[in-house]
Structures are given as structure tokens and as C-alpha cells.
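Have a look at the structure that comes next, please.
The values are calculated or read from the model by the stated rules, or taken from the named source; none is laboratory data. None of the values given here were measured: they were computed from a predicted structure. Here the Cβ is made from the backbone with ideal geometry for all residues, glycine too, and neighbour counts use every protein chain on show.
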Amino acid sequence: MILGTGIDIIEVARIAQSFEKFGERFLKRILRPDEIAYCLSHKFPAPHLAARFAAKEAISKAFGTGIGAQLGWQDIEVVRRESGEPFVILHDNGQKLLAARGGNRVHISLSHTENYATAMAILEG
């Protein structure tokens, strides 16, 4: 059963500018350590950073909360299987919110180009 859906799109340049301006502080605010390591392992990290930003926004929309007091940036982690498929690990408030909503899984799909990153999330119950 689908309990919620969310979608987000962001300009890669916006994330690149935030990263250039705030550096590690920006990364640590929106990403968990393994996400940072993955994104920075690429020659051009900005599209990967933007895709994770969009994913977290889409997931927060699927929950119906947005990013804020109920669900923060660090409550959501986007990782990859060996096949390359992205998947979500919820931490702390994310796990609590999933249980409160009667959910059992969050599905995501990511895409990015040089200029845009987008993500779609489905909360399954």
C-alpha cells in the first residue's frame, strides 16, 4: 500500500555554489559520512550531492513533513547497492516516523544531468 509520494528537482549549480561557499560545514549538515565519501569520490561531485539533496527532500515530502523538526537531514541516508540501485536507510527520527506512519519501506529513484538532479520517493506500508 502506498502511504505517500514525493518528488524534488534541484539545480546542480545551486548545490555546487553552497558547497563552494560553505564547504565541509554544508556537507555535514545535509549528508551522513558515507554519503559524503561517496559523492566526493567522483571527479565532479556536485550532481551526486544534488541527487542526494533532492532525494532527502522527496522522502520528506512522501512522509508529509518536509525537512524540519520531525524529520531532519541526518535522519535520512541514501546509499547504493553493488548493482548501483539507490536505497534508503532511516535513522533516529526517520525510523520513528516510519513506524508511526505504519510504513515498512521507502523506495527512491534518482536521476541527474549536468544541470539538474531529481528524485522520486514512495513510502510503502
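Considering only region 110-124, state which residues are in contact with a helix residue (DSSP H, G or I) (Cβ under 9 Å, 6 or more places away or on another chain) and surrounded by 12 or more Cβ atoms within 10 Å (Cβ to Cβ).
First pass over region 110-124, keeping only residues in contact with a helix residue (DSSP H, G or I) (Cβ under 9 Å, 6 or more places away or on another chain): 110-123.
Those that are in contact with a helix residue (DSSP H, G or I) (Cβ under 9 Å, 6 or more places away or on another chain) and surrounded by 12 or more Cβ atoms within 10 Å (Cβ to Cβ): 110, 111, 112, 116, 117, 118, 119, 120, 121, 122, 123.
So the check is Cβ under 7 Å with 6+ separation or different chains; which pairs have a first residue in region 10-25 that's among the small types (Gly, Ala, Ser) and a second one that's assigned to a helix (DSSP H, G or I)?
16/46; 18/26
Hey, does region 118-125 have a residue that's in contact with a Gly (Cβ under 8 Å, 6 or more places away or on another chain), within 17 Å of residue 3 (Cβ to Cβ), of a type outside the set (A, V, I, L, M, F, W, C) and assigned to a strand (DSSP E or B)?
Yes: one or more hits.
Quick one: in region 13-52, of everything that is surrounded by 13 or more Cβ atoms within 10 Å (Cβ to Cβ) and of a type in the set (D, E, K, R), which residue is nearest to residue 121 (Cα to Cα)? Steps first, answer last, please.
Within region 13-52, the first condition is being surrounded by 13 or more Cβ atoms within 10 Å (Cβ to Cβ), and the residues that meet it are 13-19, 26-28, 30-32, 34-36, 38-40, 45-52.
Filter once more, keeping what is of a type in the set (D, E, K, R): 14, 28, 32, 34-35, 52.
Working: 14: 21, 28: 23, 32: 19, 34: 20, 35: 18, 52: 12 Å.
Ranking the candidates gives 52 first.
Going by the structure shown, is residue 97 assigned to a strand (DSSP E or B) and not aromatic (Phe, Trp, Tyr)? If you could, list the steps in order and put the result at the bottom.
On the way: assigned to a strand (DSSP E or B): no; not aromatic (Phe, Trp, Tyr): yes.
Taking the combined requirement at face value, the residue does not satisfy it.
Among the residues of region 38-77, how many are out of contact with any helix residue (DSSP H, G or I) (no Cβ under 9 Å at 6 or more places or on another chain) and either of a type in the set (Asp, Glu) or farther than 19 Å from residue 117 by Cα (or both)?
Qualifying residue count for the region: 2.
Something else now. Condition first: part of a helix (DSSP H, G or I), surrounded by fewer than 23 Cβ atoms within 10 Å (Cβ to Cβ), at pLDDT 95 or above and within 13 Å of the chain's Cα centre (by Cα). Can you find one or more residues in region 67-74 that meet it?
Applying the first criterion (part of a helix (DSSP H, G or I)) to region 67-74 yields 73-74.
If we keep only those that are surrounded by fewer than 23 Cβ atoms within 10 Å (Cβ to Cβ) too, we end up with 73-74.
Now narrow it down to the ones that are at pLDDT 95 or above: 73-74.
When the remaining residues are screened for being within 13 Å of the chain's Cα centre (by Cα), the result is 73-74.
Yes, there is a match, as at least one residue in region 67-74 is part of a helix (DSSP H, G or I), surrounded by fewer than 23 Cβ atoms within 10 Å (Cβ to Cβ), at pLDDT 95 or above and within 13 Å of the chain's Cα centre (by Cα).
Answer yes if at least one residue in region 22-29 is modelled with pLDDT of 95 or more and in contact with a Leu (Cβ under 8 Å, 6 or more places away or on another chain), and no otherwise.
Restricting attention to region 22-29, the residues satisfying the condition of being modelled with pLDDT of 95 or more are 22-29.
From the residues that got through so far, the ones that are in contact with a Leu (Cβ under 8 Å, 6 or more places away or on another chain) too are 27.
Among the residues of region 22-29, at least one is modelled with pLDDT of 95 or more and in contact with a Leu (Cβ under 8 Å, 6 or more places away or on another chain), which makes the answer yes.
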